[in-house]
Amino acid sequence: MNSPSLIISLALENLNCTQKELAEKLSVSQTQITKWKNDEHMSHSMRADILDLIGLSESTHDLDLISFTGSVCEAERWKVLFDHIRELITLGTEHLYECEVLEDDEYGVPIKSIKILQRLGVDVPKILPEYIESKLMSDELDDEELEEILDLPFVKIIVCAMKALVHISPIYSLYVLPIGSKIEDLGGESGFDEIYFSLLELAFVKGISNEQDYELYSSNTFHTFQLEVLRFFDQNLYEMKKMACENNIPIEYDISALSNEPTTVLCEHLESLMLDKYPRSHPDVFMDELLKKQRITLKLVEKIADEVGVSLSNEDIEELFN
C-alpha cells in the first residue's frame, strides 16, 4: 500500500495547489494534511477520494513510478519498456518455469529496479529518450531498433538482472515458498515474504556479477550492496533450513543455493527437473535418510542381541556395519 505522504505529494503536484487549498478541497484541516505528509494514518476511503480527485487509482496505477517519472504517460512508457525486456528474456530462457516476480503486478518491478539502480549510483533518466517512444509502443521491433534500445547503459544492467531473475524466481517458488508456508502453518515465522520481495535485489547482484566487464562490478557501491544482499539471504535461508529440520519438514533441494550458486547452476537444476519425472533429492537430504536408517538398524540389532543374550561391543557393531 502506498504511503499517505506519496498520495499527498501526487495530489499537490497534479492539482498544482498549496496544502491549504488541498485541505479546502478535501474539507479537512491544514493540520491533517501535514499529518498525512508525515505518513500518519489515512483511511481507505480518503485515499480513494484523493486519488479520484487526480484521476488515479491504487489498483490500476503504480503511484511510485508515476511520482518518479512525473506523469501517468511516462510511467506507462516505462512499463512498456519492461514488458519488452520481459518478453525478450522469457523467450530466451532455457527452461519453461514461470518467473512469478515478472508476472506479479504488485511486485512493482519497474520502480523497484529504478530504485536499485539509483542505490548503485547508476544514472536513470526520469523520462525515457523520445526516439524510442514509437518503437516501444510497437509490437514489432526489428533487430537494429531493439539493439539500439538495449544498448542504453541503464537498460543493459536491467536486462542482465532480469536474465538472473528468471532462474532465481522459480527456485524460490519450487522450494523456498513451500517450506516457508509449512513453517507458518505450524505457527512459526519463516520470513518467506521478505525473501520474495528481495529477489530482485539478488537478481541485480547475480546479474551484474555475471557481467564482470561492467565498470559497475568493480565499484565499492556495488560490493557494499552485494554484501548486504547476500548477508540477508544467507541469514534468512539458514534460519529457514534450521526451522525446517526442527519441524521435520522435508528439504528436497538446498535452498541456500538460491544465493550461493551462480545462475548457471540454478538453470541447470531447473532444466534437469524438466527432464526428470521424479527429481533427485539433495545430497544432504539423502545422507540424512541414510543416517536415520542406520540408527533404526542399530536399535534393532541391539534389541535382537538382548533377546538372544548376546553382548555386542562397539567394535562388533562397527564390524557389522562395515
FRET efficiency for residue 40 and residue 71, using Cβ-Cβ distance with R0 set to 30 Å, rounded to 0.05: 0.60
For 80, 310, what's the largest-to-smallest order of accessible area, 1.4 Å probe? 310, 80
The chain, accessible area per residue, ligands and nucleic acids excluded (1.4 Å, Å²): 58
Using a/c under 1.5 as the rounded threshold, could you call the stretch 77-122 rounded, prolate or oblate? The axes a ≥ b ≥ c are square roots of the C-alpha gyration tensor eigenvalues, and prolate needs a/b larger than b/c, oblate otherwise. prolate
Determine how large the accessible area of residue 245 is when every protein chain is in place; take a 1.4 Å probe and give Å² rounded to the nearest 10. 90
Under DSSP H, which helices of the chain have Cα atoms covering 24 Å or more of the helix axis and a Kyte-Doolittle average no less than 0.5? 153-171
With r as the distance between the Cβ atoms of residue 245 and residue 307 and R0 = 25 Å, compute the FRET efficiency 1/(1 + (r/R0)^6) and round to 0.05. 0.15
Here are some values of semi-axes √(5λ) of the Cα gyration tensor in Å: (1) 93, 22, 21; (2) 28, 23, 21; (3) 51, 27, 16. Which one was computed from this structure? (3)
How far, in nm, would the chain grow between residue 223 and residue 156 when pulled straight, counting 0.36 nm per residue and subtracting the alpha carbon separation? 22.2 nm
Assuming R0 = 41 Å, can you tell me the calculated FRET efficiency for the pair residue 54 and residue 90, based on Cβ-Cβ distance, to the nearest 0.05? 0.75
Considering only protein heavy atoms, what is the solvent-accessible area of residue 157 at a probe of 1.4 Å, reported in Å² to the nearest 10? 20
Heavy-atom accessible area order for 71, 259, largest first, 1.4 Å probe: 71, 259
Quick one: pull the percent of accessible area on the chain belonging to carbon and sulfur, 1.4 Å probe, ligands and nucleic acids left out. 49
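The values are calculated or read from the model by the stated rules, or taken from the named source; none is laboratory data. Because the structure is a prediction, the values reported are computed rather than measured. Using ideal geometry, Cβ is built from the backbone for each residue, glycine included, and neighbour counts are taken over all protein chains shown. Just so you know, the surface numbers come from the protein's heavy atoms only, side chains and all, with ligands and any DNA or RNA stripped out. Shrake-Rupley method; radii C 1.70, N 1.55, O 1.52, S 1.80 Å.
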